[in-house]
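Heads up, the thing below is written out as structure tokens.
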Amino acid sequence: MTEPYRPRLHFTPASGWMNDPNGLIRIDDLWHLFFQHDPDSTKHGPMHWGHAVSRDLTTWEERPVALRPDRLGTCFSGCAIRNPQGKVTLFYTAHSVTADGRDHQVQCAAHADAALERFVPHKANPILGNPGYEVFRDPKVFWHAPTERWVMMLTEGTKIGFYSSTDLETWTHRTSFGEDQGHCRDCIWECPDLLELPDGAGGSKWVLIVSVSDGGPGSGSGTQYFIGAFDGHRFFNDNPPETVLWLDNGRDFYAPQSFFDPDAAAPLAIAWASNWAYARQTPTEAFRGAMSLPRQLGLLRTEADWRLAQSVPAETIAAFDASRDRNTFRLGFNQSFRQQSDISIALFGEKEPHFRISWSGERQLTLSTRRAGFDGLPDFAHAYAVDFPWEPNRPLAVELFVDRGLVELFCAEGTISLTNLFFPENPAGPLSIEHRGWSADEATRPQPHMTQMGGQKNG
Ligand code: FRU
């Protein structure tokens, strides 16, 4: 294997650097994924937009670079929309550095041809000038039917700005959200997204997703969300301002974006599976950066109130289950609660577990993870634990997707997820599981290379 750390069922660029997913859009039955890309190096350099397409969200075909730096600067993150006439427009941030060394960021548009092969910057770029923010980027645009306006969200440093427009060209600032809200009130908020999700009782709630540059659950960057209401101009947080909700509790899930797909039954999002704390130093050669699996987003009412619930689409699950690669597989099982119990999952033929899910016997579930390989970086190589208040009356379903060192774990009906990169010595080494005090109800797919499963150990 020449590239032991290139996942098979997650998107990676053939070569060069990649960070955030950009311009996610579904056109007919083709999924378009644009991405922050430096085709000429494996470090974050002058940003271009790479482009890839897929019909099943696991097999991707890379297309030529879509956007390149121009007189306004390099091309930072943004989105894609399709207007009612079928015209696709990309919105992105042009980033430049002033003569005295300060960042300057403005919002631009580019128009796509019908085949989404050529992208021509709008003549009147920038479409939105900078009112004086050093950080002013990552536009995400959607149609808000009740106010009959397009809404654009973008980062204004430590908060999110909401703008609206009737023609996609003239944008008016409406409100900003974030002062004294959620996590990281004094670090940079990036890549906002806003989704209206059904509440199962005929109503809906709005979920505002914000990536934060520091203090994430596993340290470094992370993604938080807020649940509330949106009237086309302003977002209202349902929870007290100090509530912090993490979209993923791993180290490697950043800048998620949902696909522009007005016909979707449930929004589908993809994130960059890395962390700014060490993204530039991970041990890959031809390429650097992978995307997460696509995730369907919905709401679930838990005993602790509303939470975002994530699930991997059936087609992606089927691709994992059909995999014949010893290091690309899915594992799913249900466990019933008992007093004081834990499950340990060790991957890649290593003895020490990579994940431990512990039930305290009271209202607490703890998920801990450890480092694997790649000892050189202090920010990467560490173990940590996350605690959840959890309702113990139902079985705990755990689902694990392993793809050559990129591991995504889901449990508690998708309200808890954890995405972590590992760089093990032997990515194809066997998996082993130990139980203490749990009963395994069902293993949805025992793996042929698993050394132990369901063997209950009392200890
Ligand atoms: C998030 C981010 C964005 C920015 C892009 C630059 O990871 O910092 O805010 O637009 O990456 O590549």
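Worth pointing out:
- Qualifying residue in the range 1-20 (condition: among the acidic types (Asp, Glu), touching a residue at least 24 places away in the same chain (Cβ under 8 Å), within 15 Å of the ligand (Cβ to nearest atom) and surrounded by 21 or more Cβ atoms within 10 Å (Cβ to Cβ)): yes
- Looking only at residues of the range 264-283 that are assigned to a loop (DSSP other than H, G, I, E, B) and within 14 Å of the ligand (Cβ to nearest atom), we find that the one that is farthest from Gly220 (Cα to Cα) is Ala273.
- Restricting attention to the range 172-183 and to residues that are in a loop (DSSP other than H, G, I, E, B) and surrounded by fewer than 21 Cβ atoms within 10 Å (Cβ to Cβ), the residue that is farthest from the ligand (Cβ to nearest atom) turns out to be Asp180.
- Restricting attention to the range 238-262 and to residues that are of a type in the set (A, V, I, L, M, F, W, C) and in contact with a Phe, Trp or Tyr (Cβ under 6 Å, 6 or more places away or on another chain), the residue that is farthest from the ligand (Cβ to nearest atom) turns out to be Leu245.
- Looking across the range 60-85, the residues that are more than 30 Å from Asp103 (Cβ to Cβ), outside any strand (DSSP E or B) and without any contact (Cβ under 8 Å) to a residue 12 or more places away in the chain come down to Pro84, Gln85.
- Evaluation of Ile188 against (1) of a type in the set (Val, Ile, Thr); (2) under 15 Å from the mean Cα position of the chain (by Cα); (3) closer than 24 Å to Glu134 by Cα (one fails), failing number: (2)
- Test: His37 is in a loop (DSSP other than H, G, I, E, B), closer than 19 Å to Cys191 by Cβ and within 11 Å of the ligand (Cβ to nearest atom): no
- Count of residues meeting criterion [of a type in the set (A, V, I, L, M), surrounded by fewer than 21 Cβ atoms within 10 Å (Cβ to Cβ) and in contact (Cβ under 8 Å) with a residue 60 or more places away in the chain] in the range 195-226: 1
- Of residues in the range 21-40 being in contact (Cβ under 8 Å) with a residue 40 or more places away in the chain and not hydrophobic (A, V, I, L, M, F, W, C), the one surrounded by the most Cβ atoms within 10 Å (Cβ to Cβ): Asn22
To keep it simple, each residue is scored yes or no on (1) modelled with pLDDT of 85 or more; (2) loosely packed, with under 15 Cβ neighbours inside 10 Å; (3) outside any strand (DSSP E or B).
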site: Leu377; (1), (2), (3): no, yes, yes
site: His382; (1), (2), (3): no, yes, yes
site: Glu408; (1), (2), (3): yes, no, no
site: Glu442; (1), (2), (3): no, yes, no
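- Tally of residues being in contact with a strand residue (DSSP E or B) (Cβ under 7 Å, 6 or more places away or on another chain) and surrounded by fewer than 24 Cβ atoms within 10 Å (Cβ to Cβ) across the range 280-293: 2
The values are calculated or read from the model by the stated rules, or taken from the named source; none is laboratory data. Here the structure is a predicted model, which means the values were calculated and not measured. Note that we place each Cβ from the backbone using ideal geometry, even for glycine, and neighbour counts take in every protein chain shown.
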